[in-house]
Amino acid sequence: MAWFRKTRRKKPAAEKEALWVVCPGCKAHIHKDKWDPGLNVCPECGFHDKLTCRQRIDLTADAGTFEEFDADIAAGDPLEFSDARGGYADKAAETAAKTGLKEAVLTGRCKLEGITVVLAVMDFRFLGGSLAGSTGEKILLASDHALRHKFPFIVFSASGGARMHEGIVSLMQMAKTCAGIARLHKARVPYLSVLTNPTFGGVSASYATVGDLNIAEPGALIGFAGRRVIEQTIKEKLPDDFQTAEYLLEHGFIDRIVHRRDLKPFLSQVLNYWSRS
């Protein structure tokens, strides 16, 4: 009979580094060595997955040139809104803690292949990239900076629409941002709009679709109301490719579809052409 018994405790299994990425588009399992985290594009089907605003800036701006604007502007709570799931102010604070962002858009100035431009880059992680009072304020201030200095203005949209926690304050941003863009048009300062997946609601119905050029990434879903809402309203089945960038290009709603890897050189080519015209 043993005097002592050694308890055998299983050591916690070391966390294995994920070797595969599952494409949200084709559901293929892609080895991590073939999935470029910088581009976030499936090498099998070309699906363009979402990027954070920082990733987008890294792809667009020349290294080390980005200078952020209005970093102190944060989401407000003008209506002191709350519902069964809690207060809007708490949700915004939690999202800010998770993402490191104070709002759904990051704005600033940078060089793009040597050309000074002003950027506004939306981030879907912040409450679905929704358009709120402070979102609109940051976009307007960025467009005003572009206007004063005659720098091209580029906006990357990724949004589910207006942030209804702020009611009419949110909807006012549609007119407010479009007024800033109209001043750019009048002064002949280039405004390029890049629509990414998804771009919907009040964003698609305002500054996202009034660019001198409206550019989309492949497969991006773009529209106002969602597909299901439209089908239930009109009582008809919509085409399978409805609201995709390809459908919108075919019907004249956007000007160009550009693969993510080609986007920076394409924007540079457009701006160089503009400067010579």
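Values in this text are rule-based calculations from the coordinates and carry no lab data. A quick note: this is a predicted structure, and the numbers were derived from the prediction, not measured. Every residue, glycine among them, receives a Cβ derived from its backbone with ideal geometry; neighbour counts consider all protein chains shown.
Computed over the range 80-159, relative contact order equals 29 percent, with contacts defined as Cα pairs under 8 Å that lie 6+ residues apart. When you restrict to C-alpha pairs under 8 Å that are six or more residues apart and normalise by the size of the range 154-277, the relative contact order lands at 23 percent.
How much net charge surrounds A71 when only other residues with a Cβ under 11 Å from its Cβ are counted (Lys, Arg +1; Asp, Glu -1)? Mind showing how you got there, number by number?
Details: positive: K102, K138; negative: E67, E68, D70, D72, E103.
That works out to -3.
Near G201, once Lys and Arg are set to +1 and Asp and Glu to -1 for all other residues with Cβ below 15 Å from its Cβ, the sum equals +2.
P(r) tail, the range 116-265: Cα-Cα pairs separated by more than 18 Å, 56% of all pairs. Between the listed residues H48, A245, A97, the Cα displaced farthest toward the positive end of the dipole of the chain, a dipole computed from Cβ unit charges relative to the Cα centre, is found at A97. Averaging over all projection directions, the Cα-based convex hull of the range 161-243 occupies 6.4 nm² in the image plane. Once mean projected area of the Cα convex hull in nm² is calculated for the structure shown, the corresponding label among (1) 13.4; (2) 22.6; (3) 18.1 turns out to be (2). Lysine pairs in the range 50-276 whose alpha-carbon atoms fall under 26 angstrom of each other, counting only those eight or more residues apart or on distinct chains, come to 26.
Given the DSSP H assignment, sum -39500 (n - 2.57) over each helix run of at least 4 residues in the chain and divide by its residue total; what's the result at 222 nm in deg cm²/dmol, nearest 500?
On the way: 8 runs with 91 residues, N = 277.
The helix-only estimate for the chain comes to -10000 deg cm²/dmol at 222 nm.
Between the Cα long axis of helix 260-276 and the first principal axis of the chain there is an angle of about 20°, rounded to the nearest 10. How many angstrom lie between the Cα centre of the range 107-161 and the Cα centre of the range 223-277? With the range 107-161 and the range 223-277 each reduced to a Cα centre, they are spaced 19 Å.
Using Cβ counts within 10 Å as a stand-in for footprinting exposure, how do L267, L221, L131, L119 rank, fewest first?
Details: L267 23, L221 20, L131 34, L119 27.
If I rank by nearby Cβ atoms, fewest first, I get L221, L267, L119, L131.
Between 0 and 90 degrees, rounded to the nearest ten: what's the tilt of helix 88-99 against the longest Cα principal axis of the chain? That works out to roughly 70 degrees. Reported to the nearest whole Å, the Cα centre-to-centre distance from the range 71-103 to the range 50-66 is 24.
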